[in-house]
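What follows is a single structure, written as structure tokens, with notes after it.
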Amino acid sequence: MKTYLILDLAIKDFPGFMEYINKIPTYLEKHEGKYIVEGVEPELIEGDWKPERVVVLEFSSKDNAKAFLSDPEIQPIFAIRHRTTDSKLILVEGSSWRDSVDESTHA
């Protein structure tokens, strides 16, 4: 099942962040990941969530996404992002809450 990493970030040091931007695609490819949304400024529709930029990464499976996050070679690159941005990251599987509901018990 496809899995997504969603990154909400504010860049504090763009020149420093460029190193991360240049290096991360190699590791995305290694773990069968790809950009769906790459650092765009979102438009707020509802609520008070105010990300400056959003990145959405798609992986072929949850295992691939977790392997990407735990890859020892990528940890120094993640440190660049941590140093040069304020960011929040979530992982979500491409499914529905309906998949886990037994409709016969809710009819």
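The values are calculated or read from the model by the stated rules, or taken from the named source; none is laboratory data. Bear in mind the structure is a predicted one, so any value in this text is a computation, not a measurement. Every residue, glycine as well, gets a Cβ built from its backbone with ideal geometry; the counts of neighbours run over all protein chains shown.
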Residue set ILE74, ILE80, ILE90; condition in contact (Cβ under 8 Å) with a residue 60 or more places away in the chain, of a type in the set (Val, Ile, Thr) and part of a helix (DSSP H, G or I); output residue ILE80
Of those in segment 72-91 that are in contact with a strand residue (DSSP E or B) (Cβ under 8 Å, 6 or more places away or on another chain) and not aliphatic (A, V, I, L, M), the residue farthest from TYR4 (Cα to Cα) is THR84
Output for Cβ contacts, cut-off 7 Å, separation at least six or different chains, first residue within 9 Å of LEU89 (Cβ to Cβ) and modelled with pLDDT of 95 or more in segment 6-18, second basic (Lys, Arg) and in a strand (DSSP E or B), reads ASP8/LYS88; LEU9/ARG53
When restricted to PRO25, PRO42, the only residue loosely packed, with under 14 Cβ neighbours inside 10 Å and assigned to a helix (DSSP H, G or I) is PRO25
* Would you call GLY39 farther than 29 Å from THR26 by Cα and either modelled with pLDDT of 95 or more or small (Gly, Ala, Ser) (or both)? -> no
Taking segment 17-45 and keeping residues hydroxyl-bearing (Ser, Thr, Tyr) and touching a Lys or Arg at 6+ places or on another chain (Cβ under 9 Å) leaves TYR20
Notebook entry, point to check: Taking the stated definitions as given, is ASP63 assigned to a helix (DSSP H, G or I) and either exposed (fewer than 15 other Cβ atoms within 10 Å of the Cβ) or modelled with pLDDT of 95 or more (or both)?
Noted result: yes
